[in-house]
Amino acid sequence: MSDEESLFELTSSHLNTGMRGIPVGTCRTSFVTPTEGVHYCGYPISELASLLPEDVIYLLFNKELPNSDQSLKFQEELKSRGALPDGVEQVLASLPRDGHPMDWLSIGIHTLGMLGGEGDWKSDALNLVARMPRLLGLIFRYREGRLVNIPADDLSMGLVARFTNTLDLADVDKSVMDQVIATYLVLHMDHGGGNLSTFAGKAVASGHATVYSSMAGAMNALSGPLHGRANQSCFEFVQKIGTSDPAEVEAFVRGELEARRPVFGFGHAVLRAEDPRATVQFALGEKICPDDEYFKTIRVLREVAPRVLSENPKISNPNANVDIASGTLLNHVGLCDPEYYTTFFGWARVAGIGAQIVDERTVMRGGKGTPIYRPKYIAEEQTLRHVD
Ligand code: CMX
């Protein structure tokens, strides 16, 4: 790309549109195409879905998949970075239990920064990746008041197992839970440079706030119902349907549209086909929970909703998106409270956003980094006047 190449013609019709589609920078970790969805460092997501989360994190930070030696070394590095600083649990103990888990996550990340920040972009980003499983496990435990017999953080374990070990739920199949969470993490780690939480995190970092403050800002952005919290709404929507009878599901979908409510789990701003992340999760569900009542509902919904939504020519993509199946799978393995679902999204995104912050701060512009963000706003309805 030459410095002179024209990328976009801006007109006043682009103002106040949330910068949608306006090129503002470059991204080295991922890109999204309308038919094949997200690619991490060039690899289509469908080819990465069954890899170890640690290997995909390595890819996002190093732009290459690790060989087996590199993989083992990186897993060891994360283990060595994983211990939480003292004092985190006291802060979690003071938070209101009815606060949303995303607010807990944001405060938890800030706390990690206050107690254990180093002031180095890459080291802090990797420390945060390594500390997320324990932090998130403790957030569940403290928010739910399950304070007795919290297992010690076992740093010899991988990232996912450290979370499920901390959570320590009775009567669950930990190996299936680990498989669902690992897949979830890989699928959600990154999604280009301009989605709201990533953009917000990079914007905060551009003022040289810490990685932790930047990531807490990113999590606050992710918590909105139009962004990450759509996955909570989507499972609540599936619960509301309450049937897998095709005629009843179709009647429900039509009723929602008539009431001008969204049909959750369908549609996308960029994709024009079923999101491959949905396809992967449907395949996983067919393997682990084909007879789960909610899975039966979404299997039918996947057939019915695109047909009904296609009747409206305004809808650019009537197909399933990433949120359609994730809640059903998490619920099936014993993570039954949808209020927590966005925290898994946040956990995953810490890797992609962290890698993008490191790129913007230490690699872009020949290592000088991207300057502080400062888009231009044009004055509206403000004529010059003076206090009498
Ligand atoms: N249900 C109802 N209406 C829908 C719809 C859906 N699933 N998908 C699109 N539409 C409507 C839009 O609201 C818009 O209506 P208006 O013209 O009245 O504003 C119209 O169809 C055209 O929308 P679009 O250009 O196809 O899509 P947008 O970029 O505006 O919206 C999205 C994308 C995701 C917000 C939308 O499809 C939606 O609301 N889906 C349901 C909620 C959901 O599942 N969100 C999770 C998104 C997951 C992700 O981003 O990866």
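Structure notes:
- Leading residue by the ranking (nearest to His227 (Cα to Cα)) among those in the stretch 238-275 that are away from the ligand (no atom under 12 Å from the Cβ) and among the aliphatic types (A, V, I, L, M): Ala273
- Residues of the stretch 82-129 satisfying the condition of being of a type in the set (Asp, Glu) and either without any contact (Cβ under 8 Å) to a residue 40 or more places away in the chain or surrounded by 21 or more Cβ atoms within 10 Å (Cβ to Cβ) (or both): Asp86, Asp98, Glu118, Asp120, Asp124
- The set of residues in the stretch 341-379 that are aromatic (Phe, Trp, Tyr), over 9 Å from the mean Cα position of the chain (by Cα) and under 17 Å from Leu136 (Cα atoms) contains only Tyr341.
- Tally, over the stretch 1-48, of residues that are part of a helix (DSSP H, G or I) and either touching a helix residue (DSSP H, G or I) at 6+ places or on another chain (Cβ under 6 Å) or of a type in the set (A, V, I, L, M, F, W, C) (or both): 3
- Checking Asp171, Asp190, Asp178 one by one, the residue that is in contact with a Ser or Thr (Cβ under 7 Å, 6 or more places away or on another chain) and assigned to a loop (DSSP other than H, G, I, E, B) is Asp190 and no other.
- Check on Ser197, under 15 Å from the mean Cα position of the chain (by Cα), within 15 Å of the ligand (Cβ to nearest atom) and surrounded by fewer than 23 Cβ atoms within 10 Å (Cβ to Cβ): no
- Every residue from the stretch 60-74 that is hydrophobic (A, V, I, L, M, F, W, C) and part of a loop (DSSP other than H, G, I, E, B): Leu65
- Scan of the stretch 97-155 for residues that are over 19 Å from the mean Cα position of the chain (by Cα) and of a type in the set (S, T, N, Q), ordered by number: Thr111, Ser123, Asn149
- Condition met for Lys174 (more than 30 Å from Val24 (Cα to Cα) and among the charged types (D, E, K, R)): yes
Coordinate-derived values only; no laboratory data. Just so it is clear, the structure is predicted and the values come from calculations on it, not from any experiment. All Cβ positions, even for glycine, are placed from backbone atoms using ideal geometry, and neighbour counts span all protein chains on display.
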